[in-house]
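The values are calculated or read from the model by the stated rules, or taken from the named source; none is laboratory data. Bear in mind that the values here come from a model prediction, so they are computed numbers and not experimental data. Don't worry about glycine lacking a Cβ; one is built from the backbone with ideal geometry, like all the others, and counts go over all protein chains shown.
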Amino acid sequence: MKSKDVASTHIAVEQIVRTQWGRVLAALIAQFRDFDLAEDALQDALLAALSSWPKNGLPNSPAAWLLTTAKRRAIDRLRRLKTASDKQGELQAIADMAQDCEHTDDDMGDNDSGIADERLRLMFTCCHPALPESSKVALTLKSVTGMTTAEIARAFLVSEETMAQRIVRAKRKIKAANIPYAVPSEDNLEERLHSVLSVIYLIYNEGYSATHGEELIRKDLCTEAMRLTEVLLELMPNEREVLGLLSLLLLHTSRHDARCSINGKLITLEQQDRTLWDRELIKRGVSLLINTLTNSSCKGKVGAYQIQAAISAAHAAAATYEQTNWREISMLYSKLYEYQPTPVVMLNGAVALSFAHGAEAGLAAIKQLEDEGSLTRYQPFYAAKADMLCRTGRVDEAIVYYRQAVELSKNATERKYLSQKLDRLSESLERDRK
């Protein structure tokens with residue numbers, strides 16, 4: 001086996017994991033109703049791919065190959081388990097399942113609309129009201145996106161061990177309570193809506209600013225989050241917060257092409273070429289937002305996603321960075337904090353306040369966060385404070401915070417940007433001291 005074949009196979013498998021993990025895993029869970037069995041079987045299939053593909057070439061449909069292989073591995077595991085207990089009825093059921101597996105088409109199909117979507121079924125299963133809120137979101141992120149436990153832990157600002165325990169408990173609860181793998185009836189949709197929307201937004205956020213890897217943006221996750229929101233909108237067409245979330249995602253996505261240069265360099269909002277913003281996406285996002293606020297047929301109250309969409313719309317309305325209405329954005333963040341009183345919202349509000357009323361006002365606003373220590377491992381906190389310190393002329397202090405931001409950044413593009421800012425500040429300080 002040539003080393004370049006092995007390398008290309010690893011790249012192919014990595015790409016499949018990034019883009020198809022949730023789709024394949026959802027199909028496996030749908031058939032076997034067992035999260036651990038499905039995950040173990042999929043891992044077996046990935047190892048088999050690393051062995052087979054360099055020798056035999058990539059299959060026509062790698063995702064279908066993985067699904068079929070994973071089904072067979074799962075059936076083998078079940079057969080070994082049931083043979084040990086010698087339960088004839090269960091063995092026959094496994095044999096029937098194996099026969100069905102042999103007839104699996106080498107194409108997963110385009111099953112991406114309506115409630116037939118297995119990923120949406122999986123999300124509603126994970127967001128069952130019997131599970132704690134934090135466990136619902138964590139398990140769904142793990143199952144639908146293929147995010148690692150460490151990445152999910154960072155999103156929730158908890159340790160990896162704590163997050164792993166949450167996920168394990170959630171899986172056990174689903175199995176013990178025999179929670180059905182299904183989109184709930186219309187009467188029960190609303191009680192799970194908040195969790196499902198939270199999951200979709202976290203999927204999008206991981207795509208918009210990837211916590212790991214070389215790329216700043218994972219467009220596959222952004223696209224998946226928007227697609228799931230649109231599928232959800234088919235189920236709940238007049239729900240304000242579903243409309244609000246889709247509006248928010250469209251407005252965020254409109255800026256994708258302006259956020260990175262051709263050579264992969266991060267471009268901040270201040271420096272972005274606004275002619276690259278997708279005006280059609282902005283128009284659609286703003287239209288949806290107006291609809292949520294003015295259409296009497298919409299159900300539900302004004303919520304956090306509509307407010308965030310309004311913040312994004314305020315940015316989109318400014319022809320230049322200098323024309324940004326920071327006072328309006330600052331007030332919207334204050335309103336958002338009433339709905340989501342979290343440290344991250346407080347930090348974002350402080351950043352808006354620093355532009356609306358000066359960097360000193362922003363520094364005063366985030367002092368509480370620093371005193372509480374709630375964002376001690378959160379890179380954007382250090383980058384935001386460093387920027388505010390720079391704007392007040394306290395360059396030596398800013399350098400300390402930029403160093404911490406660089407240390408905490410796991411994304412290569414983001415880390416390079418922060419490192420360059422740190423280097424420029426250090427050189428400037430050195431020159432001033434001479």
Selection from the range 263-301 of residues over 27 Å from LYS416 (Cβ atoms), under 23 Å from the mean Cα position of the chain (by Cα) and either outside any helix (DSSP H, G or I) or not charged (D, E, K, R) (or both) yields LEU281, ILE282, GLY285, VAL286, LEU288, LEU289
Of ALA304, ALA361, ALA310, ALA365, the only residue that is in contact with a Phe, Trp or Tyr (Cβ under 6 Å, 6 or more places away or on another chain) and small (Gly, Ala, Ser) is ALA304
Apart from one, (1) crowded, with 21+ Cβ neighbours inside 10 Å; (2) at pLDDT below 80 all hold for ASP187; the odd one out is (1)
Go through the residues of the range 207-226 one by one and say whether even a single one is crowded, with 16+ Cβ neighbours inside 10 Å, aromatic (Phe, Trp, Tyr), assigned to a helix (DSSP H, G or I) and in contact with a helix residue (DSSP H, G or I) (Cβ under 9 Å, 6 or more places away or on another chain). yes
Across the range 250-262, the tally of residues that are part of a loop (DSSP other than H, G, I, E, B) and of a type in the set (Val, Ile, Thr) stands at 1
Exactly one of GLU322, GLU360, GLU338, GLU328 is part of a helix (DSSP H, G or I), among the acidic types (Asp, Glu) and under 27 Å from the mean Cα position of the chain (by Cα), and that residue is GLU338
Residues of the range 386-422 being over 24 Å from GLU151 (Cα atoms) and in contact (Cβ under 8 Å) with a residue 40 or more places away in the chain, in sequence order, are none
Restricted to the range 50-77 and to residues being β-branched (Val, Ile, Thr) and in contact with an Asp or Glu (Cβ under 9 Å, 6 or more places away or on another chain), the residue farthest from ALA27 (Cα to Cα) is THR69
Tell me whether the range 268-283 contains one or more residues that are touching a strand residue (DSSP E or B) at 6+ places or on another chain (Cβ under 8 Å) and without any contact (Cβ under 8 Å) to a residue 60 or more places away in the chain. no
Looking across the range 268-303 at residues that are among the small types (Gly, Ala, Ser) and at pLDDT 95 or above, the single one that is surrounded by the fewest Cβ atoms within 10 Å (Cβ to Cβ) is SER287
If you go through the range 319-328 one residue at a time, do you hit one that is more than 24 Å from VAL196 (Cα to Cα) and crowded, with 21+ Cβ neighbours inside 10 Å? no
>> Condition check: buried (at least 17 other Cβ atoms within 10 Å of the Cβ), farther than 19 Å from GLU427 by Cα and of a type in the set (D, E, K, R). Does LYS367 satisfy that?
In response: no
